[in-house]
1. Place the peptides 65-78, 138-151, 158-171 in order of packing, highest mean first, counting for every residue the other Cβ atoms within 10 Å and averaging per peptide.
2. Shape of region 28-176 from its Cα gyration tensor (a ≥ b ≥ c, root eigenvalues): rounded if a/c is under 1.5, otherwise prolate when a/b > b/c, or oblate?
3. What is region 32-173's relative contact order, in percent, from Cα pairs under 8 angstrom and six or more apart in sequence?
4. Put +1 on the Cβ of every Lys and Arg and -1 on every Asp and Glu Cβ in region 36-173; which of Gln149, Ser50, Ile96 then has its Cα farthest towards the positive end of the dipole?
5. May I ask you to evaluate 6.51 cos²θ - 1.76 cosθ + 1.60, the Karplus curve with θ = phi - 60°, for each residue of region 151-157 and list the ³J(HN,Hα) values in order in whole Hz, giving x for glycine and proline?
6. Spin-label point model (7 Å from Cα, Cβ direction): what's the Arg98 to Ala73 distance in nm?
7. Ratio to report: Rg/Rh of region 34-87, with Cα atoms as the point set and Rh obtained by the Kirkwood method; give two decimals.
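Nothing in this text is a laboratory measurement; each read-out follows from the coordinates by a stated rule. Remember, predicted model here, so these are calculated numbers, not experimental data. Virtual Cβ from ideal backbone geometry, glycine too; neighbours counted across all protein chains shown.
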Amino acid sequence: MRASLLVSSFGCWLVAALLASTASAAEMQLKTVDLTGDYEDSGSVVSATSDEMAQEPFLSALVRLEFDSKLAAIYHDQTARIRIKHVPGSLEIQIIDRDGEVSWRGQWGERTGYVQRGSSVVLRFRRESPANEEVLFTFDPVASRQLLQVTVQRIETTILGPMVRQKGEYLFPRMP
């Protein structure tokens, strides 16, 4: 009798623990990282794997997958700010030009273009070109959301399968 009471008590405790952990996990998934805001186009290099990626970073060039420093500078001269709109289930990035017009826009759905991993948002960009280039961007708000850390990685196809190579890590300040 005592053994069945002990098993019954343990079973109730186990069910309660599972329900609490499931509720906690569901609550964590409901908390969306908020990237919403306007950001400066010019940033700072945290780390870079090549001299080209170690130049002053421009967010407008990065999201356009333009890694040539001369073309990046041209995009920068035309850009006033980068606007990110992030609501549960949707992420939109807009490049606002000097005239206040949207010169470029990208929009992604959760799990179909971006995923949230903890406090990070990971976007997958694909450029249709002869090489079908794929790039991963990881966005992390830092310093009380006053900075946006952007990590850029390139997915390369090898004979052993896909390989992810770090390209650079950058910080972009939020505009007031």
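1. 138-151, 65-78, 158-171
2. Rounded, because the longest to shortest axis ratio a/c is under 1.5.
3. Numbers: 302 pairs, mean separation 33.5, N = 142.
RCO, region 32-173: 24 percent.
4. Gln149
5. With the stated coefficients, region 151-157 comes to 10, 10, 10, 9, 8, 10, 8 Hz.
6. Reported label-point gap for Arg98 and Ala73 is 1.5 nm.
7. 0.99
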